[in-house]
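Participant: My questions all concern the structure below.
Rule-based calculations on the coordinates, nothing more; no lab input. Keep in mind the model is a prediction, meaning the values are calculated, not measured. Cβ placement follows ideal geometry from the backbone for every residue including glycine, while neighbour counts extend to all protein chains displayed.
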Amino acid sequence: MVLTLKPQGLYCPAGDFFIDPWRPVDRALITHAHSDHARPGHKRYLATPLTKAVMRHRLGDLTCQTINYATKQKIGDATVSYHPAGHVPGSAQIRVEVGGEVWVVSGDYKTTDDGLSTPFEPVRCHGFITECTFGLPIFRWTPEDQLRADITAWWQRCAAEGKIAILGAYALGKAQRLMAGLNPDLGPILTHGAVEATNQVLREHGITLPDTCVVTKDTDRKAYPGALVIAPPAALGSAWARKFGPRAEAFASGWMALRGVRRRRALSTGFIVSDHADWPGLLEAIQATGAEKVLATHGYTATFSKYLDTLGYDAGILETEFTGEDADPEADPEKIAS
Amino acid sequence: MRDFADLFTALDSTTSTKAKTEALAGYLSAAASADRLWCVALLSGRRPKRTVTATRLREWAAERAGLPLWLFEESYSVVGDLAETIGLVLPPASKYDDRPLSDWIKTIQALQTQDDTTKKPAILTAWDTLDGSERFVFNKLLTGGFRVGVSQKLMTRALALATAQDEAALAHRLMGGWTPDTTTWEALIEAPDPQADLSRPYPFQLAYGLEHPPQELGPPQDWLVEHKWDGIRAQLIRRGGQMFIWSRGEELMTDRFPDLAPVLDHVPDGTVIDGELLAWDFAADQPLPFAALQKRIGRKTVPKTVLRDAPVVLRAYDVLEFEGADLRENTLRHRRKHLNFINTLPSDIPLRLSRGLEGTWEDHAATRAAARDAQAEGLMIKRLDAPYVGGRHKGDWWKWKLDPLTVDAVMIYAQAGHGRRANLYTDYTFACWKGNELVPFTKAYSGLTDAEFRDITKWVRKNTLERFGPVRRVPPELVFEIAFEGIQASSRHKSGLALRFPRMARWRRDKPAAEANTHADLLEMLDQYG
Ligand SMILES: [Zn+2]
Ligand SMILES: [Zn+2]
């Protein structure tokens, strides 16, 4: 068996390592820096250089070896390589080959090019472990160029109405990807401290982002008419947001596809955008791997694997341990809806 | 339909009354006449009837999306709304056509009389022509379920803004039995209307719940205090030799109350009476329980047995028009004098006066406490020196309702909610004790906080004994206080009774299941209040 499940997480006996383990282990291969995948307390980490940088920023000092995309590395009797997952900058799928049998652990992924992360590349394999956060046919994302046009139009409308536009997006990945699609000539782009911290790490690693101005407690928030503010979702509707005076708030998330969620948050604007694959994206990615065995994890696992079965895959569910507090915020509809 | 779908999105995505009014006024000033007429019709509940069954729509949508039906159903259970689910699972439209709203509705109405073989291709074509919110609106129109959170008052205000007309005059114009098929925007909204529709009721005055001691209202002599009757609020209109009965929901109900016909000859022409329809025991000259009246709700025609066993009277409490004169500007004290003639009518004429109650506030409190014995829900308190004002108008009309009845019951089944609540167990079945056996007697799904629902959901997941589809049987451990407005005998329920408006008043974490109420307790309540 190439991969098996242990209480600590997904384990490769041939290489004696874990992938995205949820309890402290000796050797952890990390797909990406979101905190439901990259947890503290492992002895040794293996990750892409960008993932390492963000992990350092989030988890403090850790022993981490880096690996570039598509570079093969031997660990015990296993051969390991990392491949772009298109989820957030630095994110990877991890390919594990043991005795000619190839498995790929997708981590989180999306198949569309967000203009910032290295785009997803399908990797041929026998077994594929896929996330399915949005594994229902009701999820279909707005095309990237349409999305950019929609956000730009909203920003301009806010500016024309004399309102500050506050866009809620997760601090790692989503915020930067949306930022990268903005035209800085339209007005100042302000950021919440949590977003700016990630910006800084990415900029240090050669990722180009438009110029931003971080909002601190000394910032005169009335001095930026026509500004767009990018902040974590929790900042929407908060005292922090209210200090901007007249404003319009919007939230960018895959869950905005659902009217019930939009209504519950009582947001006048929601952009349907996610760093996870939508339904067509999932099916397309799985097909492109050529895998016979597919294990679903993260999301609508029962429904999704049942459907994959009807398509002729040998599909199953990989149960993961979920921690409420640290999980990828987008993977948890409860959290974003409250 | 792009503009109407955008309006829908704007109305649907804000809770701000101001934002809604502005969005709606914007649409009503800009859209074509036929479209804004339909907009006003849809927002006042004049929806086209259901055109296709939900079953067919599911099948066609699943087929078009290339999905097995079970996967469509699973998606539906997450989304919680059929029209939305269909809109989401279908592939993006392959061609786009911005036909006006009124045009689409014409298409939908034309399909109503067709068979499925004609409906299906027409609907598939529509789906392939519409995207996003337009497709959603189309599906809502198709299923007869178009609704948006806009009150009649808000719509009237927006219409007043858009047309520079008086709000009250517009409210009056909008009442009555019109549909976009029987009138035009010009005739309904713009044309001077000297031959005002004879049937038109006045906007009903509504009451606020009394949340402070009645003593704070000042001397009781300034108020008309009467029972709050437990029936159907109605206006009886006699004009031009005809009679019309309207519900508060602006529904013309004349045909459902043929037993009121004799009133016609005993009320002068040009009269509008505001009152409560009650099923009546003529022998005892007192109301029958509300359940007797319920047999008429939702029926187009009333069976003879119902007319015989549960005849109806109108219990009049106000008069808005008398002998052709609009009395609404007059005080209640003055208006009520015009109702005195009712006391001189023969007792077989189905009109009764709702009598004012005399006494101190303390006397009234005692009457309220005994209101259930009089088949009433509490008391109404109305300022005698106030005019009649349509809508809710704080300060003049108060309802002083009885506290709800309550029982402690044991949860035995739990079911997941819909939509955003699809992953929470929010719908419960409750039972009471009959010896050592638990007899289910009601369901409830509201009244708890989200945090409580989350706690219970965790508990349900951990303690499931059996699953039947979406329903889980749980051990009889959790006790809830169930509040309800009334209780009635029911042969359809195993318990032999049914509750009105049951909801969870609180989670009795302090109470063991063994101490929940018994079936005998409920039968006693049925005896007393049923
Ligand atoms: Zn992630
Ligand atoms: Zn994740």
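Participant: Which lysines have a Cα lying under 22 Å from the Cα of residue A:222, excluding residues fewer than 8 positions away in the same chain?
Facilitator: A:163, A:243
Participant: Please provide three numbers in whole Å: the alpha-carbon extents of region B:111-183 along the principal axes, with the largest listed first.
Facilitator: 47, 27, 18
Participant: Work out, in µm²/s and without decimals, the Stokes-Einstein translational diffusion coefficient of region B:2-143 at 10 °C, 1.306 mPa s, Rh from Kirkwood over C-alpha pairs.
Facilitator: It comes out at roughly 100 µm²/s.
Participant: To the nearest 20 debye, what is the magnitude of the charge dipole of the protein assembly as shown about its Cα centre, counting +1 on the Cβ of each Lys and Arg and -1 on the Cβ of each Asp and Glu?
Facilitator: Numbers: 105 positive and 109 negative charges, 66 e Å.
For this selection, approximately 320 debye.
Participant: Can I ask one more? Please give the residues of region B:363-393, grouped as numeric ranges, whose backbone N is less than 12 Å from a label point set 7 Å along the Cα-to-Cβ vector of residue B:281.
Facilitator: B:373-375
Participant: Go through B:435, B:31, B:100 and say which Cα lies farthest out towards the positive end of the charge dipole of the protein assembly as shown; charges sit on Cβ, +1 for Lys and Arg, -1 for Asp and Glu.
Facilitator: B:435
Participant: Amide H neighbours of residue B:321 under 5 Å, counting only residues 5+ apart in sequence or on other chains, H built in-plane at 1.01 Å?
Facilitator: B:272, B:327
Participant: Taking 7 Å along the Cα-to-C-beta vector as the label spot, tell me the residue B:494-residue B:261 distance in nanometres, rounded to one decimal.
Facilitator: Distance between label points: 4.6 nm.
Participant: How are the alpha carbon pair distances in chain A distributed across 10 Å bins from zero to the largest one, expressed in percent?
Facilitator: Histogramming chain A at 10 Å steps yields 6, 26, 33, 22, 10, 2, 0 percent.
Participant: Order the peptides B:345-357, A:172-184 from the highest to the lowest mean number of other Cβ atoms within 10 Å of their residues.
Facilitator: Values: B:345-357: 15.7, A:172-184: 22.2.
The densest-packed peptide leads the list: A:172-184, B:345-357.
Participant: Measuring from label point to label point, each 7 Å out along Cα→Cβ, what is the residue A:152 to residue A:44 span in nm?
Facilitator: According to this spin-label approximation, the distance is 4.9 nm.
Participant: At 0.36 nm per residue, minus the direct Cα-Cα distance, what do residue A:70 and residue A:185 gain on full extension? Give it in nm, one decimal, please.
Facilitator: Residue separation times 0.36 nm, minus the Cα-Cα distance, leaves 37.7 nm.
Participant: Also: Which far-off residues, 5 or more places away or on another chain, put their amide H under 5 Å from the one on residue B:206, with H placed in the peptide plane?
Facilitator: Answer set, sorted by chain and number: B:391, B:392, B:393.
Participant: What's the magnitude of the charge dipole for region B:205-401 around its Cα centre, counting Lys and Arg as +1 and Asp and Glu as -1 at the beta-carbon? Answer in Debye, nearest 20.
Facilitator: Dipole magnitude for region B:205-401 comes out near 540 debye.
Participant: Could you give me the ³J(HN,Hα) list for region B:357-369, computed from phi with Karplus coefficients 6.51, -1.76, 1.60 and θ = phi - 60°, whole Hz, x at Gly and Pro?
Facilitator: 9, 9, x, 7, 4, 5, 4, 5, 4, 5, 4, 4, 4
Participant: Just going by the charge dipole of the protein assembly as shown, with Lys and Arg at +1 and Asp and Glu at -1 on Cβ, which of A:206, B:339, B:445 is farthest out on the positive end?
Facilitator: So the residue we want is B:445.
Participant: If eta is 1.567 mPa s and T is 4 °C, what Stokes-Einstein diffusion coefficient results for chain B, Kirkwood Rh from Cα pairs, in µm²/s?
Facilitator: 49 µm²/s
Participant: What lysines could a cross-link reach from residue A:74, if we take a straight Cα to Cα line under 27 Å and drop same-chain neighbours fewer than 8 places away?
Facilitator: A:6, A:43, A:52, A:293
Participant: Grab the eigenvalues of the alpha-carbon gyration tensor for region B:205-401, scale each by 5, take roots, and send me the semi-axes largest first in whole angstrom.
Facilitator: That gives 27, 20, 15 Å for the three semi-axes.
Participant: Based on DSSP, what percent of beta bridges with both residues in chain A are antiparallel, to the nearest 5?
Facilitator: Of those bridges, close to 35 percent are antiparallel.
Participant: For region B:305-447, rounded, prolate or oblate, judged on the Cα gyration tensor with a ≥ b ≥ c (square roots of eigenvalues), a/c < 1.5 rounded, else prolate if a/b > b/c?
Facilitator: It comes out prolate by the Cα gyration axes.
Participant: Which is farthest toward the positive dipole end of the protein assembly as shown among B:70, A:281, A:170, measuring Cα position about the Cα centre, with Cβ charges +1 (Lys, Arg) and -1 (Asp, Glu)?
Facilitator: B:70
Participant: On average, how much area does the Cα convex hull of region A:144-271 cover when viewed from any direction, in nm²? Provide the component values of the computation, followed by the final result.
Facilitator: On the way: hull surface 30.1 nm².
With the hull built on Cα positions only, its mean projection is 7.5 nm².
Participant: So if each residue of separation counts as 0.36 nm, and I subtract the Cα-Cα distance between residue B:30 and residue B:384, what length gain in nm does that give?
Facilitator: Gain in length upon complete extension: 123.0 nm.
Participant: Share of antiparallel DSSP beta bridges in region B:205-401, in percent to the nearest 5?
Facilitator: In region B:205-401, DSSP labels about 85 percent of beta bridges as antiparallel.
Participant: Could you give the dipole magnitude of chain B about its Cα centre, charging the beta-carbon of Lys and Arg +1 and that of Asp and Glu -1, in debye to the nearest 20? Intermediate results must be reported in sequence, preceding the final value.
Facilitator: On the way: 70 positive and 71 negative charges, 227 e Å.
The calculation lands at about 1100 debye.
Participant: Here's something else I'd like to know. Using the Karplus curve 6.51 cos²θ - 1.76 cosθ + 1.60 with θ = phi - 60°, work out ³J(HN,Hα) for each residue of region B:256-271 in order, rounded to whole Hz, and write x for Gly and Pro.
Facilitator: Karplus-based 3J(HN,Hα) across region B:256-271 equals 7, 10, x, 5, 8, 3, x, 4, 3, 7, 10, 10, x, 5, x, 10 Hz.
Participant: Check which residues have an amide H placed less than 5 Å from residue B:233's amide H, if you skip close sequence neighbours.
Facilitator: Correct list: B:248, B:277.
Participant: Multiply the residue gap between residue B:17 and residue B:147 by 0.36 nm, knock off their C-alpha separation, and tell me the result in nm, one decimal place.
Facilitator: Residue separation times 0.36 nm, minus the Cα-Cα distance, leaves 45.2 nm.
Participant: Related question: Out of all DSSP beta bridges with both ends in the protein assembly as shown, state the antiparallel percent to the nearest 5.
Facilitator: 65 percent
Participant: Then there is this: Using a 7 Å offset from Cα along Cα-Cβ at residue A:77, what residues in region A:96-116 end up with backbone N under 12 Å from the label point?
Facilitator: The answer is A:98-101.
Participant: Right, here's the next one. Within 10 Å of each Cβ in B:10-20, how many Cβ atoms from other chains are there, averaged over the peptide?
Facilitator: Taking all residues of B:10-20 together, the mean is 2.
Participant: Ignoring everything except DSSP H segments at least 4 long, calculate the 222 nm mean residue ellipticity for chain A; use -39,500 (n - 2.57) per segment, divide by total residues, nearest 500.
Facilitator: Value at 222 nm, helices only: -7000 deg cm²/dmol.
Participant: On to the next question. If the cut-off is 12 Å between C-alpha atoms, which aspartates and glutamates fall inside it for residue B:153, apart from same-chain ones fewer than 8 positions away?
Facilitator: Partners found: B:167.
Participant: Right, next: What average number of partner chain Cβ atoms lie no more than 10 Å from the Cβ of the residues making up A:140-148?
Facilitator: Mean partner-chain Cβ count within 10 Å for A:140-148: 1.
Participant: Mind ordering B:439-447, B:457-465 by average Cβ neighbours within 10 Å, highest first?
Facilitator: B:439-447, B:457-465
Participant: Also, quick follow-up: Starting from a Cα-only point model with no solvent, please compute log10 I(q)/I(0) by Debye for the protein assembly as shown at q = 0.07, 0.08, 0.09 1/Å.
Facilitator: With one equal scatterer per Cα and no solvent, log10 I(q)/I(0) is -0.72, -0.91, -1.10.
Participant: Then there's this: For the pair residue B:49/residue B:198, report the inter-label distance in nm, with labels modelled 7 Å from Cα in the Cβ direction.
Facilitator: Using points 7 Å along Cα→Cβ, the separation is 2.7 nm.
Participant: Next up: List the GluC sites (Glu not before Pro) within region A:143-250 that DSSP assigns to loop and that have no more than 11 neighbouring Cβ atoms inside 10 Å.
Facilitator: Answer in residue order: A:161.
Participant: What's the whole-number percent of alpha carbon pairs in region B:405-529 lying beyond 22 angstrom?
Facilitator: The proportion of pairs with Cα distances above 22 Å equals 31 percent.
Participant: Would you calculate the convex hull of the Cα atoms in region A:85-135 and tell me its volume per residue in Å³?
Facilitator: Values: hull volume 3.6 nm³, N = 51.
Once divided by residue count, the hull of region A:85-135 is 71 Å³.
Participant: Going down the list B:140/B:394; B:106/B:140; B:18/B:228; B:18/B:49; B:18/B:394; A:174/B:18, which pairs span over 25 Å between their C-alpha atoms?
Facilitator: Pairs exceeding 25 Å: B:140/B:394; B:18/B:228; B:18/B:49; A:174/B:18.
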